[in-house]
Amino acid sequence: MKDLNLVAEKGPNEALTTKKRWNMKRNWPLHVMLIPAVLLAIVFQYVPMAGIIIAFQDFKPWLGFFESEWVGLENFRYLFLYPDVDQVIWNTLIIAVFKIVAGLIAPLTFAVLLNEVRLMAFKRVTQTLVYLPHFLSWVILGGILLDILSPQGGMVNKLVVALGGEPIFFLGDGNWFRFTLIVSDVWKEFGFGTIVFLASLAGINPALYEAAEVDGANRFKQTLHITLPALMPITIVVMTLSLGNILNAGFDQVFNLYNPLVYDKGDIIDTFVYRLGILNGKMSFATTVGLFKSAVGTVLIIVSYRLAYKLANYRVF
Amino acid sequence: MYYKTRGYKVFSIANYIFLGILSLLCILPIVHILAVSFSSMAPASSNLVGFWPIGFTTDAYVKTFGNSNFINSLLVSAQRTILATVIGMVLVLVTAFPLSKEDASFRGRSLYTWFLVFTILFSGGLIPSYILVQKLGIMDTIWALILPGALSVWNVILMMNFFRGLPKELEEAAYLDGAGQFKTLMLVYIPLSMPAVATLSLFTMVYHWNAWFDGMIYMSDIKNYPLASLLQTIIVQQDFSKINVDASMLENVSQRTVRAAQIFIGALPILMVYPFLQRFFVKGLVLGAVKE
């Protein structure tokens, strides 16, 4: 309180400097609190960003950052010449796009159907069951899928045979592998994805439905003309935000399911970088591929955040 | 009313059946694995087991827990999850508090915020991070699993939004009573944030229990492998070349029932915290979504 009195007695300029000093005196603990976070961000985020210079070097671990030879943009030229890169980028795009589209339609449909359920107990049990796979890791699910998709009498193939088909080698045939990736990803995430849609559904004004009822609209027409339009804004948000994931085809999933048989159709940028950099020791080239992905990814994220704000007035930060 | 019409009733029954089947599809694979893990070896290896054990036995679990590699990894995972959650939550609280202030009352706030948020948008990528951990000399220690991901900026943003939802008057009252910033955080903000702390702790725990990739690349000795990484290497990749495993381990994983038991134990902690998690996460998502 003494400080405040001082401010009142002095002129406007002096008041400002006093206020600044007062601000510092009261706020220094805030700066102290941020020290650990800033240090961790510098060491584990910004230092690796500086490590990107090895994309412009022919990095040799035993020579280090300073002794390794500079090669300029040689690695980037190589990026467009290396035979597998095109295929890997194409695989990433196609798998990611299918996952994004299916991962949007499935939860939306499920939420609309779940909204028609009026037995509350049934609704709760359903929600509990479908949210669960989201929390299990791809290691666990990978182990389970290897077991149930096995061509030698796995559960799913037993069903296929019972329906009169030939056993399918889901994880050993390129096209079936992509199909398995997309379906299993939708299976894991569709339940959790319904949460945002259910929240929007709960916000629809019931008077709209009552009015439609009076006008003689049946439930299908009500869904078409009230429910779906009401879900448009959140759908646009989810769609635009997923744009930032177009180069993320799901490292955890692919890594836990793939094998050399399906590298041609199932290898994605992240798994390619891992094999190249960590297993084969081509650290510079792997970093170049990673940098290419991060750079495109960052631009896409910023564009998608902007779009979400422009189209649906949604702010991420 | 629409739900009294014949057409809607037909739709409704079909809808219940459809949703019921979908829900079952989400849980049946796990039930199948559980059934296999409790079955005898012969029916399991000839694929006779469905959703109920045949020739009930706990043999697979006895073998699993008799294996020193497995027990070791279980302990590493437990240690990692506890340490990382405690460190992570302390960091989230002390970081979110200053960032929840208004720009006008805490100069420099937006600079700090952008400094941290930028790390979400852009990252150095796998190889530079790997070299860094190598150079820091923390390979093959538990810190390689904890420190790189200790600060979750997403969680900081969620907590920051929660702090902002608390009434401003509380902070002013604390100030008038003579509390400094540290005291205000400790005695006013943290006690009021227990729902948010609970939510974020559970999410952090699940994340660290499930994490497998860092353990696989940063650990060279199998004694330091967390459970998720062990399962990844032994069961999913079936790669025994990089690490020296016990002979009993090699023999065991060739049995389908033992593999199923190990997968199930890997999922068990998640299944156990899930009911609590579910109660919180809807609220948790809303808590991050409220903005002014």
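The values are calculated or read from the model by the stated rules, or taken from the named source; none is laboratory data. None of the values given here were measured: they were computed from a predicted structure. Glycine gets a Cβ as well: all are built from the backbone with ideal geometry, and neighbour counts include every protein chain shown.
Condition test on B:Ser46, is it closer than 30 Å to A:Lys158 by Cα, out of contact with any Ser or Thr (no Cβ under 9 Å at 6 or more places or on another chain) and not assigned by TED's automatic domain parsing to the domain that holds B:Ser229? Walk me through it before giving the result.
Values: closer than 30 Å to A:Lys158 by Cα: yes; out of contact with any Ser or Thr (no Cβ under 9 Å at 6 or more places or on another chain): yes; not assigned by TED's automatic domain parsing to the domain that holds B:Ser229: yes.
Criteria met by B:Ser46.
Filtering region A:26-69 down to residues that are outside any helix (DSSP H, G or I) and surrounded by 15 or more Cβ atoms within 10 Å (Cβ to Cβ), which residue is farthest from the other protein chains (Cβ to nearest Cβ)?
Pass one, region A:26-69, residues outside any helix (DSSP H, G or I): A:57-63, A:68-69.
So of that shortlist, the ones also surrounded by 15 or more Cβ atoms within 10 Å (Cβ to Cβ) come out as A:57-59, A:68.
Values: A:Gln57: 12, A:Asp58: 14, A:Phe59: 8, A:Ser68: 11 Å.
If we take residues in region A:26-69 being outside any helix (DSSP H, G or I) and surrounded by 15 or more Cβ atoms within 10 Å (Cβ to Cβ), then A:Asp58 is farthest from the other protein chains (Cβ to nearest Cβ).
Pairs under 7 Å by beta carbon, first residue crowded, with 24+ Cβ neighbours inside 10 Å in region B:211-236, partner in a loop (DSSP other than H, G, I, E, B) and of a type in the set (Gly, Ala, Ser), six or more apart or different chains?
Filtered contacts from region B:211-236: B:Trp212/A:Ser137; B:Ala228/A:Ser137; B:Ala228/B:Ala211.
Which of the residues spanning region B:118-156 are within 7 Å of chain A (Cβ to nearest Cβ), outside any loop (DSSP other than H, G, I, E, B), crowded, with 17+ Cβ neighbours inside 10 Å and of a type outside the set (Ser, Thr, Tyr)? So that I can check it myself, show each step before the final result.
Step one: filter region B:118-156 for residues within 7 Å of chain A (Cβ to nearest Cβ), giving B:119, B:121-132, B:147-148, B:150-151.
The next check asks that each one be outside any loop (DSSP other than H, G, I, E, B); those that pass are B:119, B:121, B:126-132.
With crowded, with 17+ Cβ neighbours inside 10 Å added as a condition, the list becomes B:119, B:126-132.
Within region B:118-156, B:Leu126, B:Ile127, B:Pro128, B:Ile131, B:Leu132 qualify.
Is one or more of the residues making up region A:98-113 surrounded by 16 or more Cβ atoms within 10 Å (Cβ to Cβ), out of contact with any Lys or Arg (no Cβ under 6 Å at 6 or more places or on another chain) and facing chain B (nearest Cβ under 8 Å)? Working first, answer last.
Of region A:98-113, the ones surrounded by 16 or more Cβ atoms within 10 Å (Cβ to Cβ) are A:98-100, A:102-104, A:106-108, A:110-113.
Still in the running and out of contact with any Lys or Arg (no Cβ under 6 Å at 6 or more places or on another chain): A:98-100, A:102-104, A:106-108, A:110-113.
Checking which are facing chain B (nearest Cβ under 8 Å) leaves us with A:110, A:113.
The answer is yes; a qualifying residue exists.
Look at A:Phe220 and say whether it is surrounded by fewer than 19 Cβ atoms within 10 Å (Cβ to Cβ) and either assigned to a helix (DSSP H, G or I) or in contact (Cβ under 8 Å) with a residue 60 or more places away in the chain (or both). Before the answer, list the steps.
Details: surrounded by fewer than 19 Cβ atoms within 10 Å (Cβ to Cβ): yes; either assigned to a helix (DSSP H, G or I) or in contact (Cβ under 8 Å) with a residue 60 or more places away in the chain (or both): yes.
Judged against the criteria, A:Phe220 is a match.
Out of all the residues in region B:1-47, which are of a type outside the set (Gly, Ala, Ser), more than 9 Å from chain A (Cβ to nearest Cβ) and assigned to a loop (DSSP other than H, G, I, E, B)?
Narrowing region B:1-47 to residues of a type outside the set (Gly, Ala, Ser): B:1-6, B:8-11, B:13, B:15-19, B:21-22, B:24-34, B:36, B:38, B:41, B:43, B:47.
Among the residues that remain, those that are also more than 9 Å from chain A (Cβ to nearest Cβ) are: B:4, B:6, B:9-10, B:13, B:17, B:21, B:31, B:34, B:38, B:41, B:43.
B:Phe38 - this is the single residue of region B:1-47 that is of a type outside the set (Gly, Ala, Ser), more than 9 Å from chain A (Cβ to nearest Cβ) and assigned to a loop (DSSP other than H, G, I, E, B).
Here are some residues: B:Ser100, B:Ser105, B:Ser123. Which one is in contact with a Phe, Trp or Tyr (Cβ under 7 Å, 6 or more places away or on another chain), assigned by TED's automatic domain parsing to the domain that holds B:Asp214 and within 22 Å of A:Pro36 (Cα to Cα)?
Numbers: B:Ser105 fails: in contact with a Phe, Trp or Tyr (Cβ under 7 Å, 6 or more places away or on another chain); B:Ser123 fails: in contact with a Phe, Trp or Tyr (Cβ under 7 Å, 6 or more places away or on another chain).
So the residue among B:Ser100, B:Ser105, B:Ser123 that is in contact with a Phe, Trp or Tyr (Cβ under 7 Å, 6 or more places away or on another chain), assigned by TED's automatic domain parsing to the domain that holds B:Asp214 and within 22 Å of A:Pro36 (Cα to Cα) is B:Ser100.
Out of (1) surrounded by fewer than 19 Cβ atoms within 10 Å (Cβ to Cβ); (2) of a type in the set (A, V, I, L, M, F, W, C); (3) more than 13 Å from chain A (Cβ to nearest Cβ); (4) touching a residue at least 24 places away in the same chain (Cβ under 8 Å), what's the single condition that is false for B:Phe56?
(4)
Surrounded by fewer than 20 Cβ atoms within 10 Å (Cβ to Cβ) and free of Cβ contacts under 8 Å to residues at least 12 places away in the same chain: does that describe B:Gly165?
Details: surrounded by fewer than 20 Cβ atoms within 10 Å (Cβ to Cβ): yes; free of Cβ contacts under 8 Å to residues at least 12 places away in the same chain: no.
Considered against the rule, which asks whether it is surrounded by fewer than 20 Cβ atoms within 10 Å (Cβ to Cβ) and free of Cβ contacts under 8 Å to residues at least 12 places away in the same chain, B:Gly165 comes out as no.
Which members of region B:91-114 meet the condition of being buried (at least 17 other Cβ atoms within 10 Å of the Cβ) and assigned to a helix (DSSP H, G or I)?
If we filter region B:91-114 for residues that are buried (at least 17 other Cβ atoms within 10 Å of the Cβ), which is where we start, we get B:91-101, B:106, B:109, B:112-113.
Within region B:91-114, B:Leu91, B:Val92, B:Leu93, B:Val94, B:Thr95, B:Ala96, B:Phe97, B:Pro98, B:Leu99, B:Arg109, B:Tyr112, B:Thr113 meet the criteria.
Would you check which residues across region A:39-65 are under 27 Å from the mean Cα position of the chain (by Cα) and of a type in the set (Phe, Trp, Tyr) and list them?
Within region A:39-65, A:Phe44, A:Tyr46 meet the criteria.
Scan region B:71-83 residue by residue and report those that are within 14 Å of another protein chain (Cβ to nearest Cβ) and out of contact with any His (no Cβ under 7 Å at 6 or more places or on another chain).
If the condition is that a residue be within 14 Å of another protein chain (Cβ to nearest Cβ) and out of contact with any His (no Cβ under 7 Å at 6 or more places or on another chain), then B:Ser73, B:Ser77 are the ones that fit.
Among the candidates A:Pro107, A:Pro133, single out the residue that is within 30 Å of B:Val10 (Cα to Cα), under 27 Å from the mean Cα position of the chain (by Cα) and not hydrophobic (A, V, I, L, M, F, W, C). Spell out the reasoning first.
Values: A:Pro133 fails: within 30 Å of B:Val10 (Cα to Cα).
Exactly one of A:Pro107, A:Pro133 is within 30 Å of B:Val10 (Cα to Cα), under 27 Å from the mean Cα position of the chain (by Cα) and not hydrophobic (A, V, I, L, M, F, W, C), namely A:Pro107.
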